[in-house]
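Values in this text are rule-based calculations from the coordinates and carry no lab data. Bear in mind the structure is a predicted one, so any value in this text is a computation, not a measurement. We place every Cβ from the backbone using ideal geometry, glycine too, and count neighbours over all the protein chains shown.
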Amino acid sequence: MRRLFILIGIIHASSAFAQSNDKGQFSGNLITNYQKYVRDDKIGANTKVYLEGSNSLESWLNMNYRINGYTFTVRYDGFFNSPLLNPIGSYTDHGIGYWQINKKLEKLDLTIGSFYDQLGSGLLFRAYEQRRIGIDYAIQGARAVYEINEHLRVKAFAGNQKGNIDDRFGYAKQVISGANIEGNTSLNKIQITGGLSALNRTLTSDDRQSIIETLKGYDVNERFIPKHNVYGGNAYVNIVRNALSVNVEYVKKSKEAMLIDNKWQNKEGQILYGAIGWGKSGIPMGRHKRGTKKGKARDKASIGINIQARHMDHFVIKTSPSEQLLNGLVSYMPSLTKQNTYRLLARYNAPAQEIGENGIQAEIDIKPSKKTKINLNGSYVQSADANGVNGSPQLLFRELNGQVIQKINKNIKLKLGLQSIEYNQAVYEQEVDYDNVQTFTPFGELNVKIRPSKRKKNGRKRPSKNIRLEAQVLNTDRDQGSFANVIAEFSFNSNFTVAVGDMVNYAPHRYENMNITDEILHYPSVFASYNSGKNIFSLAYLKQQAGVNCSGGICRVEPAFSGVRFTMNSNF
């Protein structure tokens with residue numbers, strides 16, 4: 001009933017403002033995901049949604065109305081037998097998932113209701129949504145942003161994080177408040193942007209008392225008094241001069257209870273992050289062409305280098321220290337590794353380890369000519385403490401990735417590459433008996449554009465068609481073994497695309513506790529997509545193996561999938 005009153009109130013306020021001469025502007029979109037489950041015990045597709053239900057649906061209807069400087073937003077969410085929030089469960093509920101009233105008063109921007117925001121890069125605080133893996137960390141409360149001048153801005157907010165995987169339409173009782181001041185200036189050719197932030201999260205009496213009761217069973221020297229509040233702050237600066245950019249951020253939080261190896265400890269935390277980038281284009285390459293003036297017809301090359309590093313030590317802020325996995329996250333901890341898109345290249349990812357890690361990633365982009373692009377990427381992540389072999393830090397993740405994109409002619413483009421990974425499955429997936437996974441994966445993609453003839457259809461030029469072939473072969477004797485994946489995609493025009501593929505576990509390897517058969521397994525896929533302007537439809541039949549699914553650098557372990565997926569995205 002409370003949700004209904006909120007919706008009625010916003011609509012009523014919108015109607016009142018519509019009485020003015022300003023007719024306002026209404027817009028929105030509808031996203032719907034439908035899944036039909038086809039049980040397959042061989043690949044482990046037999047979780048609750050397969051055993052107790054046969055299908056699921058998630059839908060989000062977002063509506064925006066703008067008038068006289070006001071913006072009214074309402075989003076209606078529906079989950080029906082959905083495993084989106086809990087991959088091994090089933091969730092059903094519907095209601096107002098997001099609502100907001102925003103007003104701009106010259107330099108002051110006021111918001112009440114739900115909002116997404118962040119402090120700095122988000123390492124200290126980020127309220128955001130990753131719909132693909134069921135994350136919605138919106139804050140419900142109030143926020144004010146004031147532009148002091150074109151170089152200085154201040155922001156403050158307070159509220160509660162919206163519901164978790166058990167109650168998407170409720171909210172956490174812990175109060176989260178924060179403030180930020182950010183400015184920019186220039187000195188000669190140097191552009192400088194920087195800021196300072198502060199964050200506070202209260203702990204409810206019930207949460208605190210629960211921790212105290214557990215601590216009573218500890219040895220006297222291991223006991224501590226958990227505090228009601230945790231405080232955090234950050235300082236960040238970004239400096240740009242011509243082609244060079246440098247970014248540094250330091251984040252600190254006060255001591256609070258942390259559950260480490262199933263035992264409460266009183267720990268403070270910190271993060272030090274740095275990134276440097278440099279690029280140059282228009283580099284002369286090769287000889288001058290005959291018949292041209294000197295300097296007029298040489299090929300031009302370009303190069304770009306990006307390096308980022310991060311040290312994290314016992315840093316995580318959640319709505320409550322008792323929350324597990326991705327539930328209740330207040331701080332944003334993306335993976336410090338390459339965001340791969342190919343199915344097998346993205347098989348192993350490196351979620352940030354809140355207890356502690358040291359990581360570095362470097363990438364080089366080289367374009368020696370108009371037809372050739374080269375990308376080299378490497379990342380390395382290790383534990384922050386010395387708990388590895390011979391008292392050294394433990395390797396968590398290593399990746400080497402190189403690829404070349406060659407434009408053969410105006411209609412044909414080829415990509416070839418290699419990836420090598422070492423992945424600590426025992427740490428990332430809590431499988432203590434599993435060995436590190438070492439992979440070697442060659443991959444390639446061929447794009448062929450079929451240009452139309454000069455004939456025209458109905459007075460219009462015939463649209464071009466495109467064929468895309470994609471292949472990867474992941475080689476390993478660990479985890480589930482080796483896979484090969486092949487996809488053929490045909491685009492009839494810019495509106496209609498079909499694809500068919502198969503991923504084959506051609507050299508299987510099994511541990512005793514794996515919920516899949518010890519045989520060669522196929523994971524076929526058939527996909528079709530149609531774009532009719534403001535509406536996009538897709539339909540697919542596919543099977544996917546169990547593993548880590550990532551979106552926006554945030555990852556979670558998910559079970560296998562077998563069945564049909566239909567999605568619809570409509571804008572109005």
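Annotations for the structure displayed:
- Per-residue ellipticity at 222 nm, computed for the chain from helices alone with -39500 (n - 2.57) per DSSP H run of at least four residues, works out to -1500 deg cm²/dmol.
- Diffusion constant of the chain at 25 °C, which comes from Stokes-Einstein with the Kirkwood Cα-pair radius and 0.890 mPa s, µm²/s: 90
- Where a label projected 7 Å from the Cα of I148 along Cα→Cβ would reach, residues of segment 181-209 with amide N under 19 Å: 181-187, 192-199
- For segment 101-231, the convex hull spanned by the alpha carbon atoms encloses 169 Å³ per residue.
- Length available on full extension from S302 to T372: 0.36 nm per residue minus the Cα-Cα distance, which gives 24.1 nm.
- Gained length - N411 relative to K255, 0.36 nm times residue gap less alpha-carbon distance: 50.2 nm
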